[in-house]
Amino acid sequence: QVQLVESGGGWVQAGGSLRLSCTASGLIFSITTMGWYRQAPGNQRELVARITGGGSTIYVDSVKGRFTISRDNAKNTVYLQMNSLKPEDTAVYYCGYRPFVSWGQGTQVTVSS
């Protein structure tokens with residue numbers, strides 16, 4: 001059974017930074033595409049960033065240049081470094097793995113103006 005445990009969310013002022021972590025178990029992490037999604041109240045869950053086992057990445061346009069996804073295969077952990085945060089980044093952030101139908105418990109990120 002796959003388990004995903006997220007951490008690192010919190011409250012920050014606009015312009016600040018946070019780093020999210022997601023540790024996975026129950027899958028072959030090193031070859032699995034991992035991703036971060038987010039869901040704001042009243043909105044659908046949306047892709048933030050994905051990273052393949054080989055390290056290729058994609059980002060939603062709204063976070064390009066501000067967020068960085070990375071992974072440590074030795075620790076079965078994927079990270080999301082979030083810089084220059086904006087109030088519109090406020091959401092619950094979820095870690096997932098391809099095919100992105102199962103998720104961790106989510107971690108709240110709140111950015112105040």
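The values are calculated or read from the model by the stated rules, or taken from the named source; none is laboratory data. On a predicted model such as this, the values are computed, not experimentally measured, just so you know. We place every Cβ from the backbone using ideal geometry, glycine too, and count neighbours over all the protein chains shown. For accessibility, only protein heavy atoms count, side chains too; no ligands or nucleic acids. Shrake-Rupley method; radii C 1.70, N 1.55, O 1.52, S 1.80 Å.
The residues of the stretch 27-52 that are aliphatic (A, V, I, L, M), open to solvent by 30 Å² or more (accessible area, probe 1.4 Å) and under 22 Å from Asn83 (Cα atoms) amount to a single one, Leu47. Looking only at residues of the stretch 1-21 that are β-branched (Val, Ile, Thr) and open to solvent by 40 Å² or more (accessible area, probe 1.4 Å), we find that the one that is farthest from the chain's Cα centre (by Cα) is Val2. Which numbered condition in (1) closer than 20 Å to Trp11 by Cβ; (2) open to solvent by 60 Å² or more (accessible area, probe 1.4 Å) is the only one that Arg66 fails? Looking at each condition in turn, Arg66 falls short on (2). Residues of the stretch 60-79 that are free of Cβ contacts under 8 Å to residues at least 60 places away in the same chain, under 17 Å from Leu18 (Cα atoms) and part of a strand (DSSP E or B): Phe67, Thr68, Ile69, Ser70, Arg71, Thr77, Val78. All of (1) without any contact (Cβ under 8 Å) to a residue 40 or more places away in the chain; (2) touching an Asp or Glu at 6+ places or on another chain (Cβ under 9 Å); (3) not aromatic (Phe, Trp, Tyr) hold for Gly106 with one exception: (1).
Take Ile58 and decide whether it is in contact with a Gly (Cβ under 8 Å, 6 or more places away or on another chain) and either modelled with pLDDT of 95 or more or open to solvent by less than 30 Å² (accessible area, probe 1.4 Å) (or both). Considered against the rule, which asks whether it is in contact with a Gly (Cβ under 8 Å, 6 or more places away or on another chain) and either modelled with pLDDT of 95 or more or open to solvent by less than 30 Å² (accessible area, probe 1.4 Å) (or both), Ile58 comes out as no. Here Ile28 passes the criteria (1) more than 21 Å from Gln3 (Cβ to Cβ); (2) more than 14 Å from the chain's Cα centre (by Cα) except the one numbered (1).
Take Asp89 and tell me if it is open to solvent by less than 50 Å² (accessible area, probe 1.4 Å) and of a type in the set (Asp, Glu). Here the answer is yes, as Asp89 does meet what is asked.
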